[in-house]
Amino acid sequence: RSLRYEVPYELRHVADPFVDPLCDTLAEGHWALFLIVIANVACYLPALANSGRWSISRQSLSHERLLMYQLAHANLPHITGNMLTLLAVGSEVSGALGCNQLLLLALYLACGWAGGFAAALLSDARTVGASGSVSGVIVALSVLRPTSAVHILGDVNASNPLLLLLGTLGADLSRGGVSWQAHL
């Protein structure tokens with residue numbers, strides 16, 4: 001039986017926007033994306049409870065922190081937005097890489113490492129989140145498939161990956177408290 005049918009009928013209208021992309025990702029064999037989402041979800045509450053230990057800053061710069069900050073998120077909309085964007089874009093990148101899941105995982109982690117490093121060097125604030133990783137995956141898609149339209153949720157589409165990156169960055173920055181440095 002599918003995960004789709006494990007959700008109680010009364011909750012499907014709430015769960016479907018989240019469960020469907022995850023099920024589709026697994027069905028297509030993109031296990032690295034599934035692993036990344038599960039790791040982020042598993043770390044969400046522990047990181048929220050002790051954000052100082054999970055965040056990256058100039059004072060806490062280390063390889064361990066450059067990994068940990070990618071798994072921590074400031075709030076529920078932060079993790080939801082990052083993971084849904086990753087699922088939408090990541091499967092396209094995975095396909096463009098010939099479904100090489102280890103390469104996709106390495107790309108994701110390297111982009112997050114670079115985003116955290118930039119945030120730590122260019123900002124005085126503490127940073128958490130997978131935005132640097134997700135931005136890197138979007139840039140990879142713009143290189144691998146520059147004319148690819150990206151379907152996000154429902155009727156939300158971006159005509160190409162760079163427009164998606166600019167749109168998400170613009171939306172993030174309009175809210176304030178977002179590390180633009182990590183999106184580099």
Q: Could you check how many residues of the stretch 41-66 are in contact with a helix residue (DSSP H, G or I) (Cβ under 7 Å, 6 or more places away or on another chain) and either within 21 Å of residue 121 (Cβ to Cβ) or not in a helix (DSSP H, G or I) (or both)?
A: 7
Q. If you check every pair at least six apart or on different chains, which have Cβ atoms under 7 Å apart with a residue in the stretch 102-116 that is without any contact (Cβ under 8 Å) to a residue 60 or more places away in the chain and over 19 Å from residue 87 (Cβ atoms) first and a residue that is in a helix (DSSP H, G or I) and of a type in the set (A, V, I, L, M) second?
A. 113/66
Q) Which of the residues that make up the stretch 123-134 are assigned to a loop (DSSP other than H, G, I, E, B) and open to solvent by less than 10 Å² (accessible area, probe 1.4 Å)? A) 129, 130
**Q.** Test: residue 42 is over 17 Å from the mean Cα position of the chain (by Cα), small (Gly, Ala, Ser) and either modelled with pLDDT of 90 or more or more than 25 Å from residue 141 (Cβ to Cβ) (or both)
**A.** no
Q.
Regarding the stretch 84-96, can at least one residue be identified that is of a type in the set (Gly, Ala, Ser), over 25 Å from residue 42 (Cα atoms) and modelled with pLDDT under 90?
A. yes
Q: Please verify whether the stretch 101-122 includes one or more residues that are outside any helix (DSSP H, G or I) and either over 25 Å from residue 58 (Cα atoms) or at pLDDT 85 or above (or both).
A: no
(Q) Quick check on the stretch 138-146. Is at least one of its residues in a loop (DSSP other than H, G, I, E, B) and either modelled with pLDDT under 90 or surrounded by 13 or more Cβ atoms within 10 Å (Cβ to Cβ) (or both)? (A) yes
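Take residue 81 and decide whether it is at positive phi and either at pLDDT below 90 or not in a helix (DSSP H, G or I) (or both). Give the derivation first.
Details: at positive phi: no; either at pLDDT below 90 or not in a helix (DSSP H, G or I) (or both): yes.
For residue 81, the condition - at positive phi and either at pLDDT below 90 or not in a helix (DSSP H, G or I) (or both) - is not met.
The values are calculated or read from the model by the stated rules, or taken from the named source; none is laboratory data. Nothing here was measured: the structure is a model prediction, and the numbers come from that model. Here Cβ is always computed from backbone atoms with ideal geometry, including for glycine, and neighbour counts include all displayed protein chains. The protein model used for the area step is the full one, side chains on, heavy atoms only, and it has no ligands, DNA or RNA in it. Shrake-Rupley method; radii C 1.70, N 1.55, O 1.52, S 1.80 Å.
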